[in-house]
Every structure is written in structure tokens, then in C-alpha cells.
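Worksheet for the structure shown next.
The values are calculated or read from the model by the stated rules, or taken from the named source; none is laboratory data. Computed from a predicted model, the values in this text were never measured in an experiment. We place every Cβ from the backbone using ideal geometry, glycine too, and count neighbours over all the protein chains shown. Ligands, DNA and RNA are excluded from the accessible area calculation, which covers all protein heavy atoms including side chains. Shrake-Rupley method; radii C 1.70, N 1.55, O 1.52, S 1.80 Å.
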Amino acid sequence: CIGVLDTHLVDNTDLIFLIDATASMMDDIANVKSGVVTIIEHVRLRENVRVGIAIYRDVADPGAPSFDYFQLTTNFDSVIDFVNAIHPCCGSLDWAESVYDGACLTLDTMSWRKESPKMILLIGDAPALVGPKSKNTLEDVVTKSKENGVHMNFYPIIITTEIALRDPLQAAKLEPFFVKMYPNPTAGETTIELNVADNYYWKVSDMGGNVLQTDQGFTKRIQLDLSGLPNGVYNVQVTRDGVTDTKMIVVAH
């Protein structure tokens, strides 16, 4: 994340960390807090940057507020105190979480400065709920982001198992293996570059989870033809040795 900020964050930016605070984050929240605090300390070097925090849980879960936030401020010490007090809890029986609802609430709730560059770094360990379980869609997030001039980046948390921690070779298999996917948006042809040649299975799904394309093979580069799909946002999932890496792609003819 620091590399992303060094590349894209400039003076006078409004920066939000949007954090998954469901129970599934219990094993990871300490590292997330440490990482976010490190980044905030790094941001102190910039001029007139404001930082805020937003957290989301499942909207349908009555066990805790589904959304909370600390408003954008230059008082970084107060932001750090809020981060350190985050306590994951609850969560529905679904693996997916209310990511889109959290993102839309963040876009609507934060007091963005009109002329400032705006960024959201979203940190979570599960994909977004879709359909009737979510009040908002990815398209809603994109629309609100454009309306507010906010750039959003999504960073999944890679969770290693005890076996992987004992076995470096197994740990390596859990690393994200997408190198890049281009062009994105695409009018049809898309290339996925992977970090190593291996046996892969891949599929393309719409945001409702309907599988539209599948294939497999031993390769280091996947060629997709999405020219037959209507304009929209799709998930591309690539699986190796039981581990799946997912990216979103926009089809725009």
C-alpha cells in the first residue's frame, strides 16, 4: 500500500481506509492495524493530507452496527486511536460481506474537500455480497466514486494456513499470482499474465455469480475473448492448487 500511495498520493489528498470488521477478520486485524498505522505515519510526510477511517460489517447482521467511521482529519493521533480500537465481530453465515454497502456509505458520509484529490483504500478478506443481500451494487460504487471524484483501490488479505507457514513452498502457492490483466476496460480481447507457468483453471462470471466462460490449461498467459459479453463489470477468477485469485474487469464496446 505504501508503494501505491507513494505513486498516487499527493499533497492535499483526502485519504480513507475502509476496513472489513466482520468476525472473519479476527485473525488478521492485528496485522491490518499495524499496517494502517505504519501507512498513516508515512503519510505525515505529506502536506495538508487528511485521513479518515470507515469500517463495515454485514448489513443484515443485528449483532453490531454495520457501519462506523472516523471523519477526515489532520489529527493523525486520533485516527490511530480509532484504528487501534477496531474490534471485528459478528458476520453472517455467508462468506461474502457487505463491501458495496460499506463503500457507498463511505462515499456519502465523508466530508470530502471539493478541490482535493480523493482516495479510498479498501482492506478486506472476502468478496462483496450481491443481489438481494446487498443494498448496493458495484455499479453504484463506481457511479458514486465518479460523482465524488474518488479513486478506490481494493486490497485482499492473503490468509496463510499453519501448513503454509511451516512450508515455504506451500506459502508461495498462496501468494496472488495475477501479474497484470490488460487492457482493462476492454472491448473484447484481454490478456492475463501470471507469475509462474503452472496448471490453472479460470472462469468469467457476472456480478450475480453466473459463470459465463471457463477453461483450463498449463500456461503463464491466459487469453480471454469477452467480445460476446454486454457492457458491464465481470469477475475473472483464476485457480491454482485450490487457491483462487480474482480480479474485476470492465467490458466497454
Taking the alpha-carbon centre of each part, the distance from region 42-56 to region 63-92 in Å is 14 Å
Reduced to Cα centres, the span from region 182-196 to region 101-127 in Å works out to 27 Å
Computed about the Cα centre, the charge dipole of region 27-120 from +1 Lys/Arg and -1 Asp/Glu charges at the Cβ has a magnitude in debye, to the nearest 20, of 520 debye
Heavy-atom accessible area of region 20-133 with neighbours in place, 1.4 angstrom probe: carbon+sulfur share in percent works out to 54 percent
Contour minus Cα-Cα span, ASN12 to ASP206, at 0.36 nm per residue, comes to 66.1 nm
